[in-house]
1. Return Ile63, Ile45 ranked ascending by Cβ neighbour count within 10 Å, so the fewest neighbours appear first.
2. With r as the distance between the Cβ atoms of Glu292 and Glu176 and R0 = 41 Å, compute the FRET efficiency 1/(1 + (r/R0)^6) and round to 0.05.
3. What aspartates and glutamates does Lys251 reach when the alpha-carbon gap must be under 14 Å and sequence neighbours fewer than 8 apart in one chain are set aside?
4. Need one number: the % of Cα-Cα pairs in segment 66-219 sitting beyond the 28 Å mark.
5. What is the antiparallel percent of DSSP beta bridges lying wholly in the chain, to the nearest 5?
6. Over segment 132-213, what is the relative contact order in percent, taking alpha-carbon pairs closer than 8 angstrom and at least six residues apart?
7. Please state, to two decimals, what the Cα-based radius of gyration of the chain comes to when divided by 2.2 N^0.38 Å (N = residues).
8. All other residues with a Cβ under 9 Å from the Cβ of Cys51 taken together, and with Lys, Arg as +1 and Asp, Glu as -1, what is their net charge?
Amino acid sequence: MNAITLIHQGHVPVMLKEVLEALSPRDGGRYLDGTFGGGGYARAILNSADCTLHGIDRDPTAIARGEAMAQQANGRLIMHQGTFGNMEELVGQDGPFDGIVLDLGVSSFQIDQAERGFSFRNDGPLDMRMGTDGPSAADLVNSMKESDLADVLYRYGEEKLSRRIARAIVTARTEEPITTTGRLAHIVRSCVPKDRSKIDPATRSFQGLRIAVNDELGELERALEAAPRLLAPGGVFVVVTFHSLEDRLAKRAMAELAGRTANPSRYDPAPVRKEPPVFSLLHSRPLPATEEEARENPRARSARLRALVRNSASQPSASGNRA
Ligand SMILES: C[S@@+](CC[C@H](N)C(=O)[O-])C[C@H]1O[C@@H](n2cnc3c(N)ncnc32)[C@H](O)[C@@H]1O
């Protein structure tokens, strides 16, 4: 097996050891990384077994990093540009997979490049698109109704002062369209009183807009439906989330598939199951990063890993047929 030596510096993979333990790649296995990013997981998977890996990312710069890595992989790494919510269309023909992993959110490559418009620390164009299509953050803040804008900040950013901020945005854009991250951050900060935490007051609003621009929760919902169908018997689906909105969706979908949802009422007990469920949870609780990792990598502090296993005795789904 040829080892991959290329490392793309710039993003430190979160909970890599735990992801590898959950997937336990094996020789001859097929794996899918739906969030290729800097290829940190991909490289580790390909170096731990003589397996094949399909990598998806919506960001063309991540695809370019993957293509460079593929040159060292002797046909074992195949890249696909697109969204993981669309994984069945992108790689359904290449499955079923022995492992599928999603490491949600943005990469450090994306945040650190001011021109991508994700950061409130570095001034840049107000973009926030991980891919290349669809409306940018500037399009949203300059065109949305005040009440819709407030809803985005409240729901996706969990920002309690969403109405006040939406009002300030709408006032500011009547003077001149808001086109930079610096100006938006300034407007948000002017609405939020300083608290004692070290968190920048613009953090929640930027998160809310980023989630809306990239339809991140819709993408996750589609992936949570599709991935289990693409798993081979014995295959594992791993999701690493970074905030409660994502984690709640992953928790609910996986619990439902594993038959772990609570009975709606004690007067309406669930029917007695005759067959074992097709899926089970790998861990009874979500795994956090170790204290050591959280100390060294601030991104890891909010990470939670959940994993679902397709039981070995189950039949593969029709959509995940191996050619
Ligand atoms: C946190 S990074 C992944 C880092 C990767 N695990 C590594 O070790 O380098 C997330 C990546 O997923 C991509 N991404 C986020 N949402 C996506 C989606 N819905 N479809 C495809 N790619 C997505 C982003 O563009 C970004 O490159």
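1. Listing Ile63, Ile45 from fewest to most nearby Cβ atoms yields Ile63, Ile45.
2. 0.30
3. Glu221, Glu225
4. That tail contains 30 percent of the Cα-Cα pairs.
5. Antiparallel: roughly 40 percent of the beta bridges in the chain.
6. Contact order relative to length: 41 percent.
7. 1.06
8. Counting the neighbours of Cys51, the net charge comes to 0.
FYI, it's all coordinate maths here, none of it is from the lab. Predicted model, so just to flag it, every value in this text is computed and none were measured. We place every Cβ from the backbone using ideal geometry, glycine too, and count neighbours over all the protein chains shown.
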